[in-house]
1. What ranking of SER131, SER176 comes out by heavy-atom accessible area, probe 1.4 Å, highest first?
2. What helices does the chain hold that run 30 Å or longer along their axis, going by alpha-carbon atoms, with a Kyte-Doolittle average of -0.5 or more, using DSSP H for the helix calls?
3. So who's got an amide H within less than 5 Å of the one on ILE95, skipping anything under 5 residues away but keeping other chains? H placed 1.01 Å off N, in plane.
4. Tell me, in nm to one decimal, what length is gained between GLU149 and GLU219 on full extension, where the rule is 0.36 nm per residue of separation less the Cα-Cα distance?
5. Taking all protein chains in place and a 1.4 Å probe, what share, in percent, of the accessible surface of the chain do carbon and sulfur account for?
6. Hey, in the GNM for the chain with a 10 angstrom Cα cutoff, which one of ILE196, ILE62, ILE133 fluctuates hardest?
7. Work from the charge dipole of the chain (Cβ charges, +1 for Lys and Arg, -1 for Asp and Glu, about the Cα centre) and give the residue of ALA38, MET25, ILE161 farthest towards its positive end.
8. By its C-alpha gyration tensor, with a ≥ b ≥ c as the square roots of the eigenvalues, how is the stretch 174-233 shaped: rounded for a/c under 1.5, else prolate for a/b larger than b/c, else oblate?
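The values are calculated or read from the model by the stated rules, or taken from the named source; none is laboratory data. All of these numbers come straight from a predicted model, not from anything done at the bench. Neighbour counts are summed over all protein chains in view; Cβ atoms, including those assigned to glycine, are modelled from backbone coordinates with ideal geometry. To get the accessible areas, we keep the full protein, side chains included, count just its heavy atoms, and leave off ligands, DNA and RNA. Shrake-Rupley method; radii C 1.70, N 1.55, O 1.52, S 1.80 Å.
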Amino acid sequence: MALIRETIIQAPSVNFDERRQPLSMLVLHYTGMQTGQAALGRMCDPEAKVAAHYMVEEDGRIFQLVDESKRAWHAGVGTWRGLDDINSRSIGIEIVNGGHDYGLPDFPEIQIDAVIALCRDVLSRHQILQSDIVGHSDIAPGRKDDPGEKFPWEKLAHAGIGLWPDESKKALSVGSVELLAEIGYGLNASPSDQEITCVIRAFQQRWMQDNVTGEPCLETLCRVAQIASIYRENTI
Ligand SMILES: [Zn+2]
């Protein structure tokens, strides 16, 4: 579903200023209020000093509050990949959802379809890396919980918005091969499946004695990271 920009409802807010950094990120939020109307009212209230560029209602309607060229006040204090002033660097989209304070409701499909169309439209017009598409909680863990654990990140990733691992791939990631080599196992940069199975089996026989399968399952990969870290701390 392509976005028809003419269908976007204009709801101007004054809660923005000028960008101080180039635009390079997309930040997704939930509104965390009882209704979309309440959230829109708050974001258009000059006293509240908060606003996003867009808000997507539960029925799929899209509101634009702030021009994309401006610095909307949606992210607050946060960092991602070493960068701060996320407001200056990002486009913010508020997705109407009661969130943790209102029972963590599901996001309706029609709303997510609209979010996907809007994000794709934004990404088509701006240089935003897949690795710089984040949730509010990613940039402010502990302080923020949105868009929350009901938000369908995997569905968005399949639509080209954000990164998600290919669950069907069981092969060791490059990072895990490096960690096994760091522990001491003799693996070159691109080992064969058979070499991987042998090393994983040996690793499990030493560190996971109740799970000797030769399979690089998630539990094994976590264990590899854990063991590599104790080896790193004890290399005397
Ligand atoms: Zn937020």
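1. SER131, SER176
2. Counting only whole DSSP H runs, no helix qualifies.
3. Counting only residues 5 or more places away or on other chains, the set is HIS29, TYR30, THR31, VAL56.
4. Stretched fully, the GLU149-GLU219 segment lengthens by 23.0 nm.
5. On the way: 6690 of 12830 Å².
Ligands and nucleic acids excluded, carbon and sulfur give 52 percent.
6. ILE196
7. MET25
8. Details: a/c = 1.63, a/b = 1.02, b/c = 1.60.
Since a/c reaches 1.5 but b/c is at least a/b, the shape of the stretch 174-233 is classed as oblate.
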